[in-house]
Amino acid sequence: MSLSPQRPKGPHLNSLRAFEAAARLKSFAAAADELSVTAGAVTQHVKTLEAWAGTPLFVRNARGVTLTPLAEELLPQFSYAFDQLGAAVHNLRNKAQPERIRIAALPSIAQLWLAPRLGKLRLLATEATVSVVALEVAPNLAREPFDLALFYSEEAPGDFDLTVSDDVIFPVCSPAVAERLQDVSDLKSETLLHDGSWRDDWEKWLKSQGNPQSMPKSGTVHSLFSVALEEARHGGGVLMAHELLVQDFLKTGVLVRPFSGSLTLPRKLVAKFTPAFCKSPVYEKVKSVLLEEN
């Protein structure tokens with residue numbers, strides 16, 4: 001009886017994926033967040049790969065991890081391989097379900113800016129099925145199952161990016177609060193409302209208006225812009241607003257601008273598409289809706 005020798009096994013794909021993410025992001029915690037697993041799982045996967053390779057790939061210290069020279073050398077190859085795998089998965093999904101559109105967006109963008117446009121998109125692309133996931137951090141489109149991401153960004157747009165709008169900020173409040181504000185200095189007596197993602201916007205705007213550093217910039221901080229917006233609507237304070245997110249409230253008079261000064265920030269609202277989705281039959285329709293004037 002002939003015997004077939006057992007073939008040697010290579011490392012598990014999950015171990016390779018954990019190594020690539022942790023090495024690229026220089027953080028086990030960030031890799032765990034991207035891969036939707038625990039940091040402990042990433043640690044175990046990396047240890048398994050290091051045991052298989054017979055050599056360390058990370059140097060652990062009190063401040064986190066750094067890559068060994070070997071890991072630095074190999075990282076570009078692994079990143080390229082997983083980018084190619086991600087592109088193949090996107091192509092498979094888009095060709096198998098060309099009518100599906102998967103969008104990731106900042107919560108405030110999804111709720112206050114994108115939502116009114118989804119109805120227009122459904123009328124324009126009756127064959128399309130749209131799903132939206134609200135995320136605080138932009139996804140890695142090369143790896144994650146989204147066709148489009150809508151986030152503010154200061155990076156130069158790439159080949160598959162669409163600049164939607166500038167980010168213009170200015171204070172807004174209820175009409176009753178506005179009656180108390182004759183000058184920017186009157187803000188000293190008001191509650192300043194902040195969104196946790198943009199806590200320094202008040203400081204930037206006040207500086208652009210030539211106000212002294214002694215002007216208080218603290219106040220109530222909310223984790224969601226929509227919550228801060230509701231407080232401003234009900235007279236709870238003055239909110240540093242983003243033009244795209246409050247246009248409808250200004251039109252109806254629910255909110256008003258107590259001062260005329262605006263500040264255009266370096267960041268812009270950018271729509272990032274996957275290369276596969278740019279070949280989709282609904283791409284141009286999505287693009288036209290995103291660029292449509294309010």
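The values are calculated or read from the model by the stated rules, or taken from the named source; none is laboratory data. Just so you know, these numbers come straight off a predicted model, no measurement behind them. A quick note on method: Cβ atoms are made from the backbone with ideal geometry, for glycine too, and the neighbour counts reach across all protein chains shown.
Table for the structure above
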| read-out | value |
| --- | --- |
| Matching option when the condition is closer than 23 Å to Thr126 by Cα, surrounded by 15 or more Cβ atoms within 10 Å (Cβ to Cβ) and in contact (Cβ under 8 Å) with a residue 12 or more places away in the chain, among Phe259, Phe249, Phe273 | Phe273 |
| Answer from Thr129, Thr38, Thr43 - the residue that is out of contact with any Cys (no Cβ under 8 Å at 6 or more places or on another chain), farther than 30 Å from Asp248 by Cα and surrounded by fewer than 17 Cβ atoms within 10 Å (Cβ to Cβ) | Thr38 |
| Number of positions in segment 217-229 that are surrounded by fewer than 17 Cβ atoms within 10 Å (Cβ to Cβ) and under 22 Å from the mean Cα position of the chain (by Cα) | 5 |
| Residue within segment 276-285 that is among the β-branched types (Val, Ile, Thr) and modelled with pLDDT of 90 or more present | no |
| Candidates Gln77, Gln84, Gln111 - the one that is touching a helix residue (DSSP H, G or I) at 6+ places or on another chain (Cβ under 7 Å) and either in a helix (DSSP H, G or I) or in contact (Cβ under 8 Å) with a residue 40 or more places away in the chain (or both) | Gln111 |
| Subset of segment 219-233 (residues that are touching a residue at least 40 places away in the same chain (Cβ under 8 Å) and either in a helix (DSSP H, G or I) or within 23 Å of Val184 (Cβ to Cβ) (or both)) | Phe225, Ser226, Leu229, Ala232, Arg233 |
| Test set (1) of a type in the set (Val, Ile, Thr); (2) surrounded by 13 or more Cβ atoms within 10 Å (Cβ to Cβ); (3) out of contact with any strand residue (DSSP E or B) (no Cβ under 8 Å at 6 or more places or on another chain); (4) within 25 Å of Arg102 (Cβ to Cβ) - Val184 fails condition number | (4) |
| Residue under evaluation Ala156, criteria (1) of a type in the set (A, V, I, L, M); (2) touching a residue at least 12 places away in the same chain (Cβ under 8 Å); (3) in a loop (DSSP other than H, G, I, E, B), criterion not met | (2) |
